[in-house]
Each structure stands twice: as C-alpha cells, then as structure tokens.
Amino acid sequence: MEDGKVVARDASGNPIYSDANPGSFADFDEALGKLVGASPFRDSILKGANQSGSGSQGAGSGGGGAKTLSRAQFDALDGAAKASHMADGYTVTD
C-alpha cells in the first residue's frame with residue numbers, strides 16, 4: 001500500500017504503473033493484464049485447461065463409448081458447463 005491505495009507489484013517487487021494514466025499506479029484490471037501478459041504461462045492462463053466448470057467429473061461410461069450424464073449431474077452444472085458438455089457430445093439420461 002502506498003498513500004492508502006493498494007499497489008500491484010511485478011515479480012521483481014516494482015510497482016506497476018498505468019499506461020492509461022502515466023505517473024499513476026495501475027488499477028486492478030490494468031495491473032492484472034500486465035502481469036498475465038508478462039507471464040511465461042500466458043497462453044495457458046488465457047486459454048484455460050479445456051475443462052468443464054463446477055468441478056464436474058463428467059459422465060459415466062455408456063455403451064460403445066457414449067458420453068452420458070444423469071439428469072442430477074447435468075442439473076448440478078452451471079450454464080457454461082452445461083453448454084460445454086452438450087457441445088462435447090454428452091447426452092442426458094433420466
């Protein structure tokens with residue numbers, strides 16, 4: 001903290017300054033963007049791990065390698081995870 005404001009710092013401990021407001025410290029969003037942009041893991045951070053959300057373990061196995069989810073498993077997923085499962089070819093069984 002400096003002057004009562006939270007100040008983001010880079011890996012070397014230097015404060016991160018704003019490009020939008022020269023001479024001022026970067027706000028949270030701008031500092032985060034700079035930190036991610038400088039990270040050697042940038043692509044992994046931005047792309048994600050191609051996993052579904054909500055900590056779902058996915059479907060049980062069905063006949064012939066079919067991807068299935070029970071209605072209860074499907075209903076427990078958030079909207080993005082539901083869409084992802086359906087796009088990946090899962091079917092919901094009752």
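For residue 58, state whether it is modelled with pLDDT under 60, surrounded by 10 or more Cβ atoms within 10 Å (Cβ to Cβ) and either in contact with a strand residue (DSSP E or B) (Cβ under 8 Å, 6 or more places away or on another chain) or assigned to a loop (DSSP other than H, G, I, E, B) (or both).
Yes; evaluated as a whole, the condition is true for this residue.
Select from the stretch 8-30 the residues that are of a type in the set (D, E, K, R) and in a loop (DSSP other than H, G, I, E, B) and list them in ascending order.
Scanning the stretch 8-30 gives 10, 19, 27.
State which residue pairs qualify: first residue over 16 Å from residue 7 (Cβ atoms) and inside the stretch 26-40, second residue acidic (Asp, Glu) in any location, beta carbons under 8 Å apart, and separation of 6 or more residues or different chains.
These pairs meet every condition: 38/10.
Inside the stretch 1-49, can you point out the residues that are surrounded by 10 or more Cβ atoms within 10 Å (Cβ to Cβ), aliphatic (A, V, I, L, M) and closer than 30 Å to residue 81 by Cβ?
Of everything in the stretch 1-49, those that are surrounded by 10 or more Cβ atoms within 10 Å (Cβ to Cβ), aliphatic (A, V, I, L, M) and closer than 30 Å to residue 81 by Cβ turn out to be 31, 32, 35, 36, 45, 46.
The values are calculated or read from the model by the stated rules, or taken from the named source; none is laboratory data. Note that this is a predicted model, so its numbers are computed, not measured. Please note: Cβ atoms are built from the backbone with ideal geometry, for glycine as well, and neighbour counts cover all protein chains shown.
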